[in-house]
Amino acid sequence: QVQLVESGGGLVQPGGSLRLSCAASGSISSSNVMGWYRRAPGKQRELIATFTSVGSTVYADSVKGRFTISRDNAKNTVNLQMNSLKPEDTAVYYCKAHVWPMEYWGQGTQVTVSS
């Protein structure tokens, strides 16, 4: 079993920054794929940023250059630094871990970008 707990969401003005963290516990290691997704109101959940199985990173076009995913293997956390936030970034952000053959999701953290 794997448990994922996200933190760091909140209300921020357009142009501001937030840093999300996902703390993983249980049967998970630094070699497991982990990433961030989001679900905006009225939309389907979409991939935002993820590490691949070979350790590279993939970003959605909508966040390239603004968001950065990072990993602290010692703490078993995956972070998402979000800069230059826009109102369209408003969503619930979820952390996902792939521990073959299962996929695990956190409970989500709300990010609201509004003036």
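The values are calculated or read from the model by the stated rules, or taken from the named source; none is laboratory data. Model, not experiment: these values are computed from the prediction. All Cβ positions, glycine included, derive from the backbone under ideal geometry; neighbour counts span all protein chains shown. Quick note on the areas: whole protein, heavy atoms, side chains included, nothing else; ligands and nucleic acids left out. Shrake-Rupley method; radii C 1.70, N 1.55, O 1.52, S 1.80 Å.
Here are the numbers:
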{"quantity": "Neighbour net charge for VAL63 - beta-carbon separation under 15 angstrom, K R +1, D E -1", "calculated": "+4"}
{"quantity": "Ranked order, VAL113, VAL99 - accessible area, probe 1.4 Å, largest first", "calculated": "VAL99, VAL113"}
{"quantity": "Per-selection metrics, the chain (Cα): Rg and Dmax in Å", "calculated": "13.4, 42"}
{"quantity": "Chymotrypsin sites (Phe, Trp or Tyr not before Pro) within region 13-56, DSSP loop, no more than 12 other Cβ atoms inside 10 Å", "calculated": "none"}
{"quantity": "Taking the chain and dividing mean pair separation by its residue count, relative contact order in percent (alpha carbons under 8 Å, at least six apart)", "calculated": "37 percent"}
{"quantity": "Cα centre as origin, Lys/Arg/Asp/Glu Cβ charges: the chain dipole, Debye", "calculated": "80 debye"}
{"quantity": "Residue-by-residue Karplus 3J(HN,Hα) for region 73-82, coefficients 6.51, -1.76, 1.60, Hz, glycine and proline x", "calculated": "5, 5, 9, 6, 10, 10, 10, 9, 8, 10"}
{"quantity": "Under 13 Å from LYS43, Cα to Cα: aspartates and glutamates that are on another chain or at least 8 residues apart", "calculated": "GLU88, ASP89"}
{"quantity": "Region 55-115: mean projected area of Cα convex hull, nm²", "calculated": "5.3 nm²"}
{"quantity": "VAL54 accessible area, 1.4 Å probe, all protein chains in place, Å² to nearest 10", "calculated": "120 Å²"}
{"quantity": "Spin-label proximity, SER84 to region 27-62 - amide N less than 15 Å from point 7 Å beyond Cα toward beta carbon", "calculated": "60-62"}
{"quantity": "Residue (of SER25, GLN110, SER56) at the positive-pole extreme of region 18-115, dipole from beta-carbon charges", "calculated": "GLN110"}
